[in-house]
Amino acid sequence: MTVSKLEFKTEVKELLDLMIHSLYSHKEIFLRELISNASDAIDKARFDSLTNPDLLGGDDKWKIKVIPDAKAGTVTISDNGIGMTKDEIVEHLGTIAHSGTKEFIAAAKSKNLQDNPELIGQFGVGFYSAFMVADKVVVVSRKAGTNDNASVEWESTADGSFTIEEVTKHTRGTDVILHIKTEEKKFLETWELRSIIKKYSDYIEHPIVMDVEKEKEDEKDKEKKVKVIEEETINSMKAIWLKNKSEVSEEEYNEFYKHISHDFTDPARVLHYNVEGTTEFSTILYIPSKAPFNIWYKDYEIGLALYVNRVQIMTHCEQILPVYLRFLRGVVDSSDLPLNVSREILQKNRHVDIINKSITKKALDVLSDMKKNEYDKYLGFYMEFGKILKEGIHLDFEKREELGDLLLFQSVNTKPGEYTTLQDYIDKMPLKQKEIYYIAGTSREEVVQSPYLEAFKEKGYDVLFMLDEIDGFIMDSFEFRKNKFKSVVKGDIDLDKDGEKDKKKAKEKYEKLIELIKDQLKDDVKDVRLSGRLKDSACCIVADDGGVDHNMENILKSMGQEVPVSKGIFEINPSHIIFEKMNSIFEKDKDSELLKEYTSLLYDQALLLQGSKPKDTTAFAKGVAKLMADNIAGS
Ligand code: ADP
């Protein structure tokens, strides 16, 4: 029989290294992780056997057995689940399938993992946590439906490589044999293992058994006691979602969450309810407190675990949730769906729609309650998942207002770290203000000083900061309680309705100058006009009402989208002294070179203010230097 030696993929090596050297607390969770894997493997075997009963070879007594052996210094976790073929074991226990692993490891390395163990929890340590307590791990596995000599043995001491060998195993499933480190000997004690199982894995629906020594009456001689070894089931096995709420402790809810989510941190909220009537189901939903590291990657699996009469049908059923609630974790157990349900069937199933609606309603109610009664917790949730929730404004017309109430924004009037709600914003709107104003950008620092805000600040109008990429998409078509949203960098804004006379005068005064500027900039801008939004700055560039503003353009480009080329509108501030001066030059000599120079410089300035580069950086720098020199010469 040949033994082959294979290298772990770099990311596994690094992850193992992090885990072995940085995680010191809660090492006992290795058992939860391995039992969790065993339970998943049994779920898979049970599901596959629904359509292929031969797979089981007559053994349908599902069982996970934990076997300590003090003499050998080992603990074995044995299951009769689906098992792994040679290729599968190499793939599953030699690589990490999640995308974003590299980024995650780099982030974990840059922080002190010992102080932030939840970081690795977000990643889901799984099988590799065995190496926190073992210096050698052996896995012997036989895939369901294959014969005994097609079994495989995997072995590693976490030194960067593992070996693979074909062996004979007489039963289906997987044995994980841990050679416990000398300093972790306590994990060889039966009572210690029992208490860990009780604490972390009580809800597992398959029996977790251990051999216990019992004293029994001797059958022949009733007076005599004999010692016998019997298997005892350690966990209560009751499907937690079928229990009464009063029967489940917070700790149990939390442990169950960790089992299904692979998260280390306790969830922010738990929702446990059942529905009776034409569609019947029980569910436990969790709102996590931390986003898993891969939530923005394609391989993040959306959906809740779906059970039909306690049999797991799918680990992630996406049809049961709207996509904007994809951060939710949990289970749904329904008796109204067929056991052999496929994704196609789910797509048009009436019961699934009803469950989806019910979950959406309950989840939004809970979030609203959190926001009202546990604001700090809500804020924590919002920082992690607010962006996802916002997608609902675009996707779920019916729930728009309700979702709108859950949004939080920074604004001109909030202090850093504080937020306003849309309702709050509306309540504080001065009578004259008719729209909800916002400015898009990537950070508070970037937008807070924007010249586009000048007139709004002066009027006492608050402006919301839209700092998430998705904001631009949703706000243009959103109305919150009949209030439209308007970007301060788009369209013609006229806040000073009272100054009509002055405006008319300014228009007449600058009409010709504007024509001249327009002519000079005709290749760059669509129009030149007087601005109603500037107070101190001389000029700015804005987008058309229906157009894409510069910020949005950048966001779209960064997402790899084609952006239609659209010219902006150059706005000049009639109360700025520069135009007064330019106008007097114009009146004397409309062909003045100086006017041309100033127009170019002003346009470049406007480009800078919107975050772009001047058209010709060298010419701009030269122009500014010349102005400075002229100024000195003239003083
Ligand atoms: P995760 O469970 O998050 O996928 P793990 O590192 O714990 O990550 O396990 C990797 C993979 O190895 C699992 O997805 C599964 O395919 C396989 N695996 C682990 N343990 C078992 C087991 N006891 N039986 C069958 N397959 C297993």
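Only helices enter this figure: runs of n ≥ 4 DSSP H residues, each worth -39500 (n - 2.57), summed and divided by the residues of the chain, yield -11500 deg cm²/dmol at 222 nm to the nearest 500.
Surface calculation, 1.4 Å probe, protein heavy atoms: Glu553 sits at approximately 40 Å² accessible.
When you restrict to C-alpha pairs under 8 Å that are six or more residues apart and normalise by the size of the chain, the relative contact order lands at 9 percent.
Taking 17 Å as the straight-line reach from the Cα of Lys504, the aspartates and glutamates in range (excluding those fewer than 8 positions away in the same chain) are Asp492, Asp494, Asp496, Glu515, Glu571, Glu580.
Working note: Cα atoms of the chain, range along each principal axis, descending, whole Å: 126, 57, 40. For region 497-634, what does the alpha-carbon gyration tensor say about shape, rounded, prolate or oblate, given a ≥ b ≥ c as the root eigenvalues, a/c under 1.5 as rounded, and a/b over b/c as prolate? Oblate shape, in that a/c is at least 1.5 and b/c is the bigger or equal ratio. At a temperature of 10 °C and a viscosity of 1.306 mPa s, determine how fast region 240-372 diffuses translationally according to Stokes-Einstein, using the Kirkwood radius over alpha-carbon pairs as Rh; express D in µm²/s, rounded to the nearest whole number. Estimated via Stokes-Einstein, D reaches 105 µm²/s.
What FRET efficiency comes out for Lys44 versus Glu508 if R0 is 51 angstrom and r is the Cβ-Cβ distance? Round to the nearest 0.05.
0.05
At the residue level, Cys317 shows approximately 0 square angstrom of accessible surface with a 1.4 angstrom probe and all protein chains present.
Taking a straight line from the alpha carbon of Lys372, these aspartates and glutamates sit under 15 Å away, with near neighbours fewer than eight places off in the same chain left out: Glu402, Asp405, Asp424.
Helix 500-520 axis versus longest C-alpha principal axis of the chain: approximately 80°, rounded to the nearest ten. Rounded to the nearest 20, the Cβ-based charge dipole of region 3-233 about its Cα centre (Lys and Arg +1, Asp and Glu -1) stands at 280 debye. From most to least packed by mean Cβ count within 10 Å, the peptides 615-628, 356-369 give 356-369, 615-628.
In whole percent, and with a 1.4 Å probe on the protein chains, what portion of the accessible area of region 497-634 is carbon and sulfur? Show your work: numbers first, answer last.
Details: 4480 of 8400 Å².
Carbon plus sulfur share of accessible area: 53 percent.
Kindly provide the trypsin sites (Lys or Arg not before Pro) of region 183-253 that DSSP labels as loop, not H, G, I, E or B, and whose Cβ sees at most 10 other Cβ atoms within 10 Å. Answer by residue number: Lys220, Lys222, Lys224. In straight-distance terms, cross-link reach from Lys505 covers every one of the lysines whose alpha-carbon lies under 16 Å from its own, apart from those fewer than eight places away in the same chain; here that gives Lys497. Measuring against 18 Å, Cα to Cα, the residue pairs Lys71/Lys216; Lys198/Lys238; Lys432/Lys484; Lys63/Lys198 contain Lys71/Lys216 as the ones spanning a longer distance.
Could you look at region 186-252 and say what percent of its accessible area is carbon and sulfur, using a 1.4 Å probe and all protein chains? After summing per-atom areas, the C and S share lands at 45 percent.
Of the listed residues His394, His170, His179, the order by accessible area with a 1.4 Å probe, largest first, is His170, His394, His179. Since only Val624, Leu34, Gly560 are under comparison, the one whose Cα sits farthest along the positive direction of the charge dipole of the chain, derived from C-beta charges on Lys, Arg, Asp and Glu, is Val624.
Sorting Trp241, Trp62, Trp296 on solvent-accessible area from highest to lowest, probe radius 1.4 Å, gives Trp296, Trp62, Trp241. With the simple spin-label model, which puts each label point 7 Å out from Cα in the Cβ direction, the Lys186 to Asp523 separation comes to 7.7 nm.
Within the shell of other residues whose beta carbon sits under 15 angstrom from the beta carbon of Arg194, the net charge comes to -3, with Lys and Arg scored +1 and Asp and Glu -1. Extents of region 572-633, largest first, come to 33, 28, 21 Å (Cα atoms, principal axes, whole angstrom). Per-residue SASA remark: Tyr273, around 30 Å² accessible (1.4 Å probe; ligands, DNA and RNA not included). Heavy-atom accessible surface of the chain, averaged per residue, reaches 50 Å², computed with a 1.4 Å probe. Of the residues Phe162, Leu464, Phe397, the one whose Cα sits farthest towards the positive end of the charge dipole of the chain is Leu464 (charges of +1 on Lys and Arg Cβ, -1 on Asp and Glu Cβ, taken about the Cα centre).
Projected label points at Asp60 and Phe397, each 7 Å from Cα along the beta carbon direction, are separated by 4.8 nanometres.
Which pairs break 20 Å Cα to Cα here: Lys457/Lys509; Lys86/Lys143; Lys9/Lys169? Too far apart for the 20 Å limit: Lys457/Lys509; Lys9/Lys169.
Taking every DSSP bridge with both residues inside the chain, close to 80 percent are antiparallel.
The values are calculated or read from the model by the stated rules, or taken from the named source; none is laboratory data. Values in this document were obtained by computation on a predicted structure and should not be read as measured data. In this analysis, Cβ positions are derived from the backbone assuming ideal geometry, glycine residues included, and neighbour counts consider all displayed protein chains. The protein model used for the area step is the full one, side chains on, heavy atoms only, and it has no ligands, DNA or RNA in it. Shrake-Rupley method; radii C 1.70, N 1.55, O 1.52, S 1.80 Å.
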